[in-house]
1. Quick check, is Lys149 more than 30 Å from Pro83 (Cα to Cα) and modelled with pLDDT under 95?
2. Can you name the residue in the stretch 92-112 that is under 24 Å from Arg124 (Cβ atoms) and touching a residue at least 40 places away in the same chain (Cβ under 8 Å) and, of all such residues, is surrounded by the fewest Cβ atoms within 10 Å (Cβ to Cβ)?
3. Inside the stretch 153-179, can you point out the residues that are farther than 20 Å from Gly37 by Cα and at pLDDT 95 or above?
4. Residues in the stretch 116-124: is at least one under 16 Å from Tyr66 (Cα atoms) and hydrophobic (A, V, I, L, M, F, W, C)?
5. Considering the stretch 162-181 alone, what residues qualify as being surrounded by fewer than 18 Cβ atoms within 10 Å (Cβ to Cβ) and touching a Ser or Thr at 6+ places or on another chain (Cβ under 7 Å)?
6. So which pairs qualify, if the first residue must be in the stretch 142-155 and within 14 Å of Gly113 (Cα to Cα), the second must be among the charged types (D, E, K, R), the Cβ gap must be under 8 Å, and the two must be at least 6 apart or on different chains?
7. Is one or more of the residues making up the stretch 50-60 modelled with pLDDT of 90 or more, under 28 Å from Tyr159 (Cα atoms) and in contact with a Phe, Trp or Tyr (Cβ under 8 Å, 6 or more places away or on another chain)?
Amino acid sequence: MKKMMRYLAAVTALSAMQAGHAADGFFDSSSTEVGGGEHVQVVRLAMQKDWNKNWLPAGGYHLSGYWDANVAYWRANQWLDVPGSRKNLAVIGITPVFRWEADDKLGLYADAGIGAALFSSVYRNTHRQLSTAYEFADHVGVGYVFANKWELGARLQHYSNGGIKHPNGGVNLFMLKAAYHY
């Protein structure tokens, strides 16, 4: 676990050094997330594009948001509900995220989003089986943006197909996030 955390810190630092890409307007922050749920561990890399909106201003805070494009590696540890049976999955996704943040974009924030995700194969880990590779990805989170442009956060993430097809057991994750804003 220590080795993985060092690797993720290095990847995040390298992403932060790519600040020159922010000038072209394609993205303005990048993040690394680690976490997991019931017999699954997840590493997620993402790039964000801020909407730079100022909706519902109140008391030095406002509602804004960003686009989050991501790719993730999932390690399932109880594949087909067999203890010790493992499977690796790749997941790509895009999520519009609404964020309640300070007017200067620093300090505490809360955010929530519902997006789309595509799994490399249908998720059949533990008794939490999903029946499609396409899933909805929703989350709620809180965090803090520091004056040096680094951000730390935590979120609860849920994946399910919204009842499109059964079974639809859903997958719940707890994720920790480190991001850098260019």
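The values are calculated or read from the model by the stated rules, or taken from the named source; none is laboratory data. Every value quoted in this text rests on a predicted model; they were computed, and no experiment measured them. Cβ atoms come from the backbone with ideal geometry, glycine included; neighbour counts cover every protein chain shown.
1. Numbers: more than 30 Å from Pro83 (Cα to Cα): yes; modelled with pLDDT under 95: yes.
The answer is yes for Lys149.
2. Per the stated criteria, the residue is Gly93.
3. Going residue by residue through the stretch 153-179, those that are farther than 20 Å from Gly37 by Cα are 163-166, 179.
Of everything in the stretch 153-179, just one residue is farther than 20 Å from Gly37 by Cα and at pLDDT 95 or above, namely Ala179.
4. Keep residues of the stretch 116-124 that are under 16 Å from Tyr66 (Cα atoms), which gives 116.
Next cut, hydrophobic (A, V, I, L, M, F, W, C) only: 116.
Checking the stretch 116-124: at least one residue is under 16 Å from Tyr66 (Cα atoms) and hydrophobic (A, V, I, L, M, F, W, C).
5. Residues satisfying the conditions are Ile164, Lys165, His166, Pro167, Asn168, Gly170.
6. From the stretch 142-155, the pairs are Val142/Asp111; Val142/Arg155; Ala154/Lys177; Arg155/Glu33; Arg155/Asp111; Arg155/Lys177.
7. yes
A quick yes/no check of all residues on (1) out of contact with any strand residue (DSSP E or B) (no Cβ under 8 Å at 6 or more places or on another chain); (2) hydrophobic (A, V, I, L, M, F, W, C); (3) part of a strand (DSSP E or B):
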| residue | (1), (2), (3) |
| --- | --- |
| Gln129 | yes, no, yes |
| Thr132 | yes, no, no |
| Glu135 | no, no, yes |
| His158 | no, no, yes |
| Lys165 | yes, no, no |
| Phe174 | no, yes, yes |
| Tyr180 | no, no, yes |
